[in-house]
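The values are calculated or read from the model by the stated rules, or taken from the named source; none is laboratory data. Model, not experiment: these values are computed from the prediction. Cβ atoms come from the backbone with ideal geometry, glycine included; neighbour counts cover every protein chain shown.
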């Protein structure tokens, strides 16, 4: 049995982490985190789905964050078929990866 990962903060999310829906199905990979790190305001994240489309998920729909994985409190169909179309990021785009040599 694998040990359970401890939940962590949005500050730790990195590009390439798995994004899974609330059923546990991996639906893509994180491409960007959107928010204001200095003010600790998390607006959401962008991820690339299996179909190659990039989607934005607002912070209110982001559930558990553990090392290497972010859970979205929705199912894939709910993200694609919103009545108002896909949500758009409202904050500054930030990258949390420290980059090489840091």
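General remarks:
- The listed residues are 38, 51, and the only one of them that is out of contact with any helix residue (DSSP H, G or I) (no Cβ under 8 Å at 6 or more places or on another chain), farther than 17 Å from residue 9 by Cβ, without any contact (Cβ under 8 Å) to a residue 24 or more places away in the chain and outside any strand (DSSP E or B) turns out to be 51.
- Filter pass, residue 85 being in a loop (DSSP other than H, G, I, E, B), at positive phi and at pLDDT below 95: yes
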